[in-house]
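> Questions regarding the structure given below will be posed in turn.
The values are calculated or read from the model by the stated rules, or taken from the named source; none is laboratory data. Everything quoted here is computed from the prediction, not taken from an experiment. So basically every Cβ, Gly included, is an ideal-geometry build from the backbone, and we count neighbours across all protein chains shown.
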Amino acid sequence: MSFDPFDDFATRGYLRNVAGQKDPDIIRRLEHNSFLTGVDEAFDNLARIKRLRYRDVLATHKTLFEAVYPWAGQDRAQTSPDKAVSRGPVFFAHPNDAKTAVDHALRMGHDKAVMAAKVGEVMGYLAYGHPFLDGNGRTIMVVHAELAQRAGFSIDWAATDKAAYLTALTKELEHPGKGTLDAFLKPFIGPALGRERLAGHVTRVSGIDGTREAASTHEVLGSFSDPALRERYRQHAARRGDAEG
């Protein structure tokens with residue numbers, strides 16, 4: 001694993017995991033076991049909250065991954081505020097803008113009509129925020145499933161093709177609000193599930209075990225002290241139509 005935003009992989013392992021592990025297969029198992037152990041509690045916690053806020057997304061990540069990462073529940077503004085992170089061609093939000101992106105998704109998601117009409121756009125903003133160094137996909141899927149449940153529907157994620165989904169998500173991240181991911185997800189929308197089924201529904205999703213093309217495609221682009229990198233981010237935000245950047 002070469003993704004090393006802390007610059008201490010050699011001495012502390014991948015992302016300072018509690019076991020100090022460097023082996024990607026072992027880390028994948030540790031993450032998946034932690035997720036399976038925490039997912040019921042995560043959904044129970046969210047169900048008790050009247051209106052989800054950014055702090056609840058952070059708490060969900062902590063519940064899901066605190067058995068693996070000592071920084072679980074801390075966003076990139078805390079863990080790597082000076083580092084730009086990408087996955088392949090995808091730029092994620094500046095660490096200081098992660099909360100803004102997620103807050104926007106939550107505002108949309110709490111409006112039932114908007115959530116139903118723009119289910120992919122909501123997911124896109126959650127994904128663009130990318131608050132955490134790892135565990136983002138599983139965390140935002142739990143949060144997104146909770147928002148869908150409140151809006152009266154569910155998404156059959158297990159029926160989606162992972163590669164096709166990631167292609168649609170990438171297009172959504174590059175050009176948000178154009179309906180790309182909404183259209184992709186529309187055929188997979190079904191009735192709301194009983195709450196007792198939510199955890200099992202999410203854990204059946206392909207790739208939820210952390211199988212990663214993963215860490216090899218995450219990259220630290222550099223420090224925001226680099227003027228050229230700041231300009232790349234400014235241009236990316238402009239292409240997206242974001243005010244920030």
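> For the range 3-13, does any single residue satisfy the condition of being touching a Gly at 6+ places or on another chain (Cβ under 8 Å), more than 29 Å from residue 200 (Cβ to Cβ) and not in a helix (DSSP H, G or I)?
Within the range 3-13, one or more residues are touching a Gly at 6+ places or on another chain (Cβ under 8 Å), more than 29 Å from residue 200 (Cβ to Cβ) and not in a helix (DSSP H, G or I).
> Could you list, in sequence order, the residues of the range 148-165 that are surrounded by 15 or more Cβ atoms within 10 Å (Cβ to Cβ), in a helix (DSSP H, G or I) and either polar (S, T, N, Q) or out of contact with any Phe, Trp or Tyr (no Cβ under 8 Å at 6 or more places or on another chain) (or both)?
148, 149, 150, 151
> So is residue 220 at pLDDT 90 or above, of a type in the set (Val, Ile, Thr), surrounded by 14 or more Cβ atoms within 10 Å (Cβ to Cβ) and in a helix (DSSP H, G or I) or not?
Details: at pLDDT 90 or above: yes; of a type in the set (Val, Ile, Thr): yes; surrounded by 14 or more Cβ atoms within 10 Å (Cβ to Cβ): yes; in a helix (DSSP H, G or I): no.
For residue 220, the condition - at pLDDT 90 or above, of a type in the set (Val, Ile, Thr), surrounded by 14 or more Cβ atoms within 10 Å (Cβ to Cβ) and in a helix (DSSP H, G or I) - is not met.
> Cβ contacts < 9 Å: first residue under 17 Å from residue 89 (Cβ atoms) and modelled with pLDDT under 90, restricted to the range 225-241; second residue in a helix (DSSP H, G or I) and not polar (S, T, N, Q), any location; separation 6+ or different chain. Result?
The qualifying pairs are 236/174; 237/97; 239/174; 240/128; 240/173; 240/174.
> If residue 203 satisfies every condition in (1) without any contact (Cβ under 8 Å) to a residue 24 or more places away in the chain; (2) touching a helix residue (DSSP H, G or I) at 6+ places or on another chain (Cβ under 8 Å); (3) surrounded by fewer than 19 Cβ atoms within 10 Å (Cβ to Cβ) but one, which is the exception?
Just one mismatch for residue 203, condition (1).
> Still on this structure, I have one more. Look through the range 73-98, keep the residues that are in a loop (DSSP other than H, G, I, E, B) and among the small types (Gly, Ala, Ser), and return whichever of them is surrounded by the most Cβ atoms within 10 Å (Cβ to Cβ).
Among those residues, the one meeting the criterion is 93.
> Another question, if that's okay. So residue 143 clears everything in (1) under 10 Å from the mean Cα position of the chain (by Cα); (2) within 25 Å of residue 14 (Cα to Cα); (3) not small (Gly, Ala, Ser) except one condition, right? Which one?
That leaves (2) as the condition not met.
> Between residues in the range 98-111 that are closer than 13 Å to residue 75 by Cα and residues that are surrounded by fewer than 18 Cβ atoms within 10 Å (Cβ to Cβ) and at pLDDT below 95, which pairs lie under 7 Å by C-beta distance while being six or more apart or on different chains?
Short answer, once both residue conditions are applied: 100/244.
> Across the range 173-199, what is the number of residues that are at pLDDT 95 or above and in a helix (DSSP H, G or I)?
Within the range 173-199, residues that are at pLDDT 95 or above and in a helix (DSSP H, G or I) number 9.
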